[in-house]
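What follows is one structure encoded as structure tokens, with my remarks underneath.
The values are calculated or read from the model by the stated rules, or taken from the named source; none is laboratory data. Please read all numbers here as calculations on a predicted model, not as lab measurements. Backbone-built Cβ (ideal geometry, glycine too); neighbour counts: all protein chains shown. All accessible areas refer to the heavy atoms of the entire protein, side chains included, with ligands and DNA or RNA removed. Shrake-Rupley method; radii C 1.70, N 1.55, O 1.52, S 1.80 Å.
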Amino acid sequence: QVQLVESGGGLVQPGGSLRLSCIASGRISSVYDMGWYRQAPGKQRELVATITMGGSTNYVDSVKGRFTISRDNAKKTMYLQMNSLKPEDTAVYYCSAELRSTAWGPKYNYWGQGTQVTVSS
């Protein structure tokens, strides 16, 4: 079965940096769009950044210029470089990927388990 495994979360001071990683594993034919979401306490899950198979990216306005999403298709890995972190970035961050397990099968969306990012002094 497909799994998305995240790492890189933790506690960081305002202005600091973290890099989140998301590795897709299992039976995978193709990975299409991928994205990072976050959910702060009491808030809806928010789309932070997306990246297509071809590398096109989009960001929510609040992170533009600070976060960079990237992917390594050979490694089936996605990253989120988070710079100039602010307390309002505190949330559980989730990896999501749209993929096919077989070339003829349907696309499904998968989610990672989430990793906590806390920005606090």
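Collect the residues in the stretch 18-29 that are open to solvent by 60 Å² or more (accessible area, probe 1.4 Å) and either closer than 18 Å to residue 83 by Cβ or over 12 Å from the mean Cα position of the chain (by Cα) (or both), keeping them in residue-number order.
19, 27
Out of the residues in the stretch 71-109 that are part of a loop (DSSP other than H, G, I, E, B) and charged (D, E, K, R), state the one that is farthest from residue 44 (Cα to Cα).
For the stretch 71-109, the residue satisfying everything is 75.
Being in contact (Cβ under 8 Å) with a residue 12 or more places away in the chain, in contact with a helix residue (DSSP H, G or I) (Cβ under 8 Å, 6 or more places away or on another chain) and either among the hydroxyl-bearing types (Ser, Thr, Tyr) or not in a strand (DSSP E or B) (or both) narrows it down to one of 62, 21, so name that one.
After ruling out the rest, the residue left standing is 62.
Which of the following residues is within 14 Å of the chain's Cα centre (by Cα) and over 13 Å from residue 4 (Cβ atoms): 98, 88, 46?
46
Whether any residue in the stretch 40-52 is out of contact with any strand residue (DSSP E or B) (no Cβ under 7 Å at 6 or more places or on another chain), modelled with pLDDT under 95 and of a type outside the set (Lys, Arg) is what I want to check.
Yes, some residue in the stretch 40-52 is out of contact with any strand residue (DSSP E or B) (no Cβ under 7 Å at 6 or more places or on another chain), modelled with pLDDT under 95 and of a type outside the set (Lys, Arg).
Within the stretch 80-105, how many residues turn out to be surrounded by fewer than 20 Cβ atoms within 10 Å (Cβ to Cβ) and within 19 Å of residue 31 (Cβ to Cβ)?
8
Would you confirm, using the coordinates I've provided, whether residue 1 is under 30 Å from residue 121 (Cβ atoms), polar (S, T, N, Q) and surrounded by fewer than 15 Cβ atoms within 10 Å (Cβ to Cβ)?
Spelling it out, it is not the case that residue 1 is under 30 Å from residue 121 (Cβ atoms), polar (S, T, N, Q) and surrounded by fewer than 15 Cβ atoms within 10 Å (Cβ to Cβ).
Evaluate the stretch 65-81: report whether one residue or more is over 20 Å from residue 110 (Cβ atoms) and of a type in the set (S, T, N, Q).
Within the stretch 65-81 (the criterion being over 20 Å from residue 110 (Cβ atoms) and of a type in the set (S, T, N, Q)), the answer is yes, since at least one residue qualifies.
To keep it simple, each residue is scored yes or no on (1) assigned to a loop (DSSP other than H, G, I, E, B); (2) surrounded by 11 or more Cβ atoms within 10 Å (Cβ to Cβ); (3) in contact (Cβ under 8 Å) with a residue 60 or more places away in the chain.
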residue	(1), (2), (3)
31	no, yes, yes
50	no, yes, no
55	yes, no, no
69	no, yes, no
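Going through the stretch 37-48 one residue at a time, which ones are open to solvent by less than 70 Å² (accessible area, probe 1.4 Å), assigned to a loop (DSSP other than H, G, I, E, B) and either basic (Lys, Arg) or within 24 Å of residue 99 (Cα to Cα) (or both)?
Listed by number, the list is empty, since nothing qualifies.
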